[in-house]
1. Taking 7 Å along the Cα-to-C-beta vector as the label spot, tell me the residue 48-residue 72 distance in nanometres, rounded to one decimal.
2. Starting with the highest mean, order 106-115, 54-63 by the number of other Cβ atoms within 10 Å, averaged over the residues of each peptide.
Amino acid sequence: LNYNASITDSELNLLRAKYQYNYKSLILQHRFCQFVDLCDSWREWTNSMLMEATKAIANVFTQHAVNVISSNDKKLMECLYCQIIMYSNADIVIGVHGAGMTNIMFMRPGSLLVEIVGQFDGRMLPYCGYYGPLASVFGIH
């Protein structure tokens, strides 16, 4: 399988350079929704919601480069290698609950995961969030 089908060699080299040497990296992961009326409840964000969240996070984590991973970025979604590079170099991942959170398996032990969930119920105990048990297996806080 060719996971880099839509990524050119020069784009891949730029991505490697950007993420391999960035030791203070924070990923904000989200699902994109173009029209508010058609959004799938709390799990999808519009561009304005993303801009607000990105600005707020950048104001708090001033020492980190905030990198956005969006379901709207088709090139990135088709490049598994690119995602592995990004997650393996991230110190912090903040993301909306969804299948994309399984990429936390590529994070370094000692990294931090913040999972955004729409509601809390007893199924998530003793961890908070659905991906807490997976994070603990990989040594992620």
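1. 1.3
2. Values: 106-115: 16.4, 54-63: 11.6.
Descending packing order for the listed peptides: 106-115, 54-63.
Values in this text are rule-based calculations from the coordinates and carry no lab data. Please read these numbers as outputs of a predicted model, since none were measured by experiment. Backbone-built Cβ (ideal geometry, glycine too); neighbour counts: all protein chains shown.
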